[in-house]
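Down below is the structure, laid out as structure tokens.
The values are calculated or read from the model by the stated rules, or taken from the named source; none is laboratory data. Quantities reported herein were computed from a predicted structural model and do not represent experimental measurements. Please note: Cβ atoms are built from the backbone with ideal geometry, for glycine as well, and neighbour counts cover all protein chains shown.
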Amino acid sequence: MSVLTDLAAALAGGAVEVVDLTHTLDPDFPVIVLPPEFGQCARFRMEEVSAYDHRGPSWKWHNISMSEHTGTHFDAPVHWVSGRDVANGAVDEIPPEAFVGPVCVIDCSEGAAEDEDFELTVEAIEAWEAGHGPIPADAWVLMRTDWSKRSGAEYLNMREDGAHSPGPTPDAIRFLIEERHIRGFGTETVGTDAGQGMHYSPPFPAHYYLHGAGKYGLQCLKGLDRLPATGAILMAAPLKIRNGTGSPLRVLALVPKEGA
Amino acid sequence: MTDPLSPPPKKNPQKAQRVPTLPPGIRSRAAMGLTAAAAEGRFMLQHCAECGTVQYPPRDACCSCLSTKLPWRDTDPSGELIAVTVVRASPNLYFRDRTPWRTGTVRLAAGPSVVCHVHGDCEKGAEVRLINRLDRAGQGVLMALPKEGTPNMADDPELRELTADPKHRRVLITDARQDNAPALARALLDAGAAQVFVGEAEGWRPYPQRAKLAAMEHVTLLPLDVTDTTSVKELAGEIGGKTDILINNARFVRPGGLFERGDTTFAREEMEVNYLGLMRLAQAFGPAMRSRGADGVNNAVAWVNLLSVHALSNDPAYGSFAASNAAALSLSQALRAELRPGGVRVMNVFSGPTEDDWHQAVPPPKVTPNAVARAVVAGLRDGLEEVWCGDVARDLVERWRQNPKVLERELTGGEG
Amino acid sequence: MSRRQAYDGVVLAAPHSVPYERYSTETAHHWLARGLKGTLDAAGLSKEQIDGFSVASFTLFPDTPVGLTQHLGLSPRWLDSIPMGGASGVVAVRRAARAVQAGDADIVACVAGDTNQIDSFRKLLSSFSRFAMDAAYPYGYGGPNAMFALLTDRYMQEYGAAREDFGRICVAQRDNALRYPHALMKKPLTMKDYLNARPISDPIALFDCVMPCAGAEAFLVMREDEAVRRNLPFARISATTERHNAFPDDPIQLRGGWAVDVDELWQMAGCAPRDMDLVQTYDDYPVISMMQFEDLGFCGKGEAPAFLRERDLKVTGDLPHNTSGGQLSAGQAGAGGGFLGLVEALRQVTGQAGPTQVRGAKRALVSGFGMINYDRGLCSGAAVITGGDA
């Protein structure tokens, strides 16, 4: 167990830093917006049950409610129609080792700053690999856009023709799945797909291909600029919800401190 | 001529707020007929079904023929003001705080004499018309008005006690995203409201009329999501002490009843907004409003709920929405009871189908935002508790009063 | 014509007034007990010697006169409760006299009184009547003041009465009150004081209103031979009337039930208004006294202002009126106010009035008026009594 002993020492000594990649669950944090005739993603809500008062003299607690897909969250394969028959596709069935693993971060922040509909392409992935080496199998791949620094209306960036935010092309997602055998894909935006992702073929390609292939999605991540391109370990364990299609998360990364 | 009401001066922060008091509120059961009529602003008296005698005060038997069939009917409100007094001393706290108080005897063309409140512009011996309004205790009372309108008539202090006139008052409209929000804001400003706050949920999501609202002078958009307790509490903390009229126009509506929906997702939204939203607002804003019932010219005066008339009887095509409105209607009665000690009234404005995206398949007539806004302002000016907005609502309540079971059967269809 | 039987053989005796107090910490039971004891002492009787008991009181709650019998240790064979406020004196006489005449009782003690605790007037008002609750209090809650202000306003419009006309009644009564040892109002009142008084409910001002207080009034009704045997000064009952809810179609009250029965009253009495040595009207407001002069035949309708302008209403005047100061100056001891005039008249015609005694007074008219159920007084009554030696 010397690996863990070393890790403990590294954590205690500051050689390995724990980075929080999670947005605070807040009633006013945006969620994905579907056409209004569809049921919507429930916003996070919190009701006080007692606060050291007549409702409970010594304790304070809340009832909370939300969707499986509210805030920084996990998408399981059964979330999408393409993944409905995937083995162990619900959050309670996914083997726990899937929740801890290596992570590659592709920095698209410059492109996203110039183009709110910025696309992550196969070429861009290959260009990244040219600098950082090939994406290893079973790794998380995160698309850094610095989108999590946006707030309010800027975040969904909703217009009359829908939301505008960056995301992967269908080919890029297929490349990551079929050529690089990734574990899953994560973004700083409200979904793994681009804001205009419904106009691709197939619509919402990230959801469609990832989950169809038994891969996982992470959304609404925060602060990906604090991660190295490679070398960090990501911990993203969903709540163990029976037949759950996703779960709010506390996403942490173990990051080796530079120079340590 | 009535002196025009001046805008209230800034409050003296060293002066204790006036404690709300109420006029005498106990009535016999028979006299409550006046209250029921006043809730809709109707001047009604007991008419003997057998001999036609119109009588007042309300009785349990006809004073002419001893019949006990005494229906309340709309009555000719004209009469002559035969005596007037100005009460300058009263052992009742409410009136003690408000003397001098003009009271008079009116001989009605319909027969009886009544003792009533008297508008300052009524001349002794002149023709007057009576109105029946709710006083601050929520009971029907009669007031003599000049036969013809006079300048600044609504500013008469006795009349203003019986109304919830928006003039000089500050209004909160809870949901900017509703189609009717701009029309409501406009109508209230036109009616003299000093300021209109409009609650805005999910500012991260654009909506069409935002620019229109933001451009209105004396309109302030403030964050408010009635499904979020924290947000409601935060806004109440900010403006709860200066919300004189609260208009709860937040609404979640989707077509559908039970089988077609097959789940409770929309139903939860309907309950979250239409029922629990009202509850959250009431818990956050109600206590402060109740305590400010006597706070001068711009005292807290009214709470308005915009409801579906199908709160009375379900429309299966909108079965779940109607159920949430029935819940809200019931809760509004509890709210009425809890606001009453402050003299703050609860006005429910009932509409039929509204002109919007969610009633596309419903044939006209449908209620427009402007019609709702007009009904709200008129209802506040008359101090009503029940407003029936539009032909469908009026028709439905009439049928409901005739026989709720028959109406239910009619609405639940299944013919052919 | 009238089939009414005269009150032959029945007399009133032993008048007693318990000195009034503005506020009292005591109960109605206390005041009624003192009233009863006073009249019994005046007659030299013990409470076991009366077999009839008549009570008028507003503040006995939760008791009734029934409970009062146990409270006071009485075992009457005849018991009456007179819930008629200002008409209770005349009505108590009518009922007790007939009971004695028929032999249902031998000696009836008639007692009226109330306490006046700090808040009891307000409480009494708030539970007075259903119509008042439904249709009077919600309109300014001026109580009887506001209702009588409306009547006064109408009366002034209709008959051209001026405030001075009402003031004359009040000023004369105050003068009488200065002679009456138990009157609460002991400060002389001038017309200027009257006209400049604090307005209460226009056109009514402070001195148009009675002052609620605590107190009790009492007298006995018995057979004449009983009074003679006991050597008690007494008065006979020459005539009485009683009427409730008269003229219900009048849009506002400008006359009372006396006008219905005035002819019968004088016919039964066998005399006329001019024969009265003194008059005790029910004076909760001076306008009501004016109506009584009119409706009881002293002058025509609407003529009381002019009629009274020519009269001197003081004890020493040509028309002595409310010789103990009336309620306006003596105070209104609740239902005791309905007995005040009667008890004073009884003293007068039996020569026991002391400082207020009208010289040679033998015949008196006493009238009562009570119960502002809504917009008007509903009960009215009148009695002519005659001193025993007449």
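Residues are listed down the side, and each one gets a yes or a no for (1) of a type in the set (Lys, Arg); (2) within 14 Å of chain C (Cβ to nearest Cβ):
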site: B:Leu5; (1), (2): no, no
site: B:Pro9; (1), (2): no, no
site: B:Arg42; (1), (2): yes, no
site: B:Asp60; (1), (2): no, yes
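Regarding C:Met291, is this residue surrounded by 24 or more Cβ atoms within 10 Å (Cβ to Cβ) and touching a Leu at 6+ places or on another chain (Cβ under 8 Å)? It is true that C:Met291 is surrounded by 24 or more Cβ atoms within 10 Å (Cβ to Cβ) and touching a Leu at 6+ places or on another chain (Cβ under 8 Å). Whether a residue is closer than 30 Å to B:Thr21 by Cβ and either at pLDDT 95 or above or within 12 Å of another protein chain (Cβ to nearest Cβ) (or both) was assessed, and B:Ser291 passes this test.
Does C:Val55 fit the bill of being of a type in the set (A, V, I, L, M), within 17 Å of the chain's Cα centre (by Cα) and in a strand (DSSP E or B)? Criteria met by C:Val55.
Could you tell me whether B:Pro182 is at pLDDT below 95 and assigned by TED's automatic domain parsing to the domain that holds B:Ala375? So B:Pro182 does not fit the description; no.
Out of contact with any strand residue (DSSP E or B) (no Cβ under 6 Å at 6 or more places or on another chain), within 19 Å of C:Gln292 (Cα to Cα), hydrophobic (A, V, I, L, M, F, W, C) and in contact (Cβ under 8 Å) with a residue 40 or more places away in the chain - does that describe any residue in region C:342-355? Looking for residues that are out of contact with any strand residue (DSSP E or B) (no Cβ under 6 Å at 6 or more places or on another chain), within 19 Å of C:Gln292 (Cα to Cα), hydrophobic (A, V, I, L, M, F, W, C) and in contact (Cβ under 8 Å) with a residue 40 or more places away in the chain, one finds none in region C:342-355, hence no. Residues that are within 14 Å of chain C (Cβ to nearest Cβ) number at least 3 in the following strands (runs of 3 or more DSSP E) confined to region B:91-198: B:101-108, B:113-118, B:127-134, B:140-146.
Among the residues of region A:14-24, is any outside any helix (DSSP H, G or I) and within 14 Å of chain B (Cβ to nearest Cβ)? Full working, then the answer.
Step one: of region A:14-24, the residues outside any helix (DSSP H, G or I) are A:14-24.
Still in the running and within 14 Å of chain B (Cβ to nearest Cβ): A:23-24.
Among the residues of region A:14-24, at least one is outside any helix (DSSP H, G or I) and within 14 Å of chain B (Cβ to nearest Cβ), which makes the answer yes.
Which one of these is closer than 27 Å to A:Pro27 by Cβ, charged (D, E, K, R) and surrounded by fewer than 19 Cβ atoms within 10 Å (Cβ to Cβ): A:Glu126, A:Glu154, A:Glu114?
Answer to the check: A:Glu154.
Per the conditions (1) surrounded by 21 or more Cβ atoms within 10 Å (Cβ to Cβ); (2) outside any helix (DSSP H, G or I), the sole criterion not satisfied by B:Ser324 is (2).
Within 14 Å of chain B (Cβ to nearest Cβ), touching a Phe, Trp or Tyr at 6+ places or on another chain (Cβ under 9 Å) and among the β-branched types (Val, Ile, Thr) - does that describe any residue in region A:45-57? Yes, region A:45-57 contains a residue that is within 14 Å of chain B (Cβ to nearest Cβ), touching a Phe, Trp or Tyr at 6+ places or on another chain (Cβ under 9 Å) and among the β-branched types (Val, Ile, Thr).
Quick test for you: out of C:Ala162, C:Ala235, pick the one residue that is touching a residue at least 24 places away in the same chain (Cβ under 8 Å) and over 24 Å from the mean Cα position of the chain (by Cα).
When all the criteria are applied, what remains is C:Ala162.
Looking at this structure, is B:Gly256 under 25 Å from A:Pro30 (Cα atoms), outside any helix (DSSP H, G or I) and either in contact with a strand residue (DSSP E or B) (Cβ under 7 Å, 6 or more places away or on another chain) or within 11 Å of another protein chain (Cβ to nearest Cβ) (or both)? Taking the combined requirement at face value, the residue does not satisfy it.
Tally up the residues in region B:1-32 that are outside any loop (DSSP other than H, G, I, E, B) and buried (at least 17 other Cβ atoms within 10 Å of the Cβ), please.
0
Here C:Val100 passes the criteria (1) in a helix (DSSP H, G or I); (2) within 17 Å of the chain's Cα centre (by Cα); (3) surrounded by 24 or more Cβ atoms within 10 Å (Cβ to Cβ) except the one numbered (2).
So, of the residues in region C:165-188 that are closer than 30 Å to B:Lys124 by Cβ and touching a residue at least 40 places away in the same chain (Cβ under 8 Å), which turns out to be farthest from the other protein chains (Cβ to nearest Cβ)? Among residues in region C:165-188 that are closer than 30 Å to B:Lys124 by Cβ and touching a residue at least 40 places away in the same chain (Cβ under 8 Å), the one farthest from the other protein chains (Cβ to nearest Cβ) is C:Ala172. Pairing each residue of region B:199-210 that is facing chain A (nearest Cβ under 9 Å) with any residue that is aromatic (Phe, Trp, Tyr) and surrounded by 18 or more Cβ atoms within 10 Å (Cβ to Cβ), provided the two are 6+ apart or on different chains, yields C-beta distances under 8 Å for B:Trp204/A:Tyr155. Within region B:215-243, the set of residues being in a helix (DSSP H, G or I) and within 10 Å of chain A (Cβ to nearest Cβ) comprises B:Thr229, B:Thr230, B:Ser231, B:Lys233.
Scanning region B:43-71 for residues being surrounded by fewer than 20 Cβ atoms within 10 Å (Cβ to Cβ) and out of contact with any helix residue (DSSP H, G or I) (no Cβ under 8 Å at 6 or more places or on another chain) gives a total of 18. Inspect region A:147-165 for any residue being of a type in the set (S, T, N, Q), within 24 Å of A:Glu68 (Cα to Cα) and touching a Lys or Arg at 6+ places or on another chain (Cβ under 7 Å) and give the result as yes or no. For region A:147-165, residues of a type in the set (S, T, N, Q), within 24 Å of A:Glu68 (Cα to Cα) and touching a Lys or Arg at 6+ places or on another chain (Cβ under 7 Å): present.
Please verify whether C:Lys192 is without any contact (Cβ under 8 Å) to a residue 12 or more places away in the chain and under 28 Å from C:Val343 (Cβ atoms), treating the condition exactly as stated. Spelling it out, it is not the case that C:Lys192 is without any contact (Cβ under 8 Å) to a residue 12 or more places away in the chain and under 28 Å from C:Val343 (Cβ atoms).
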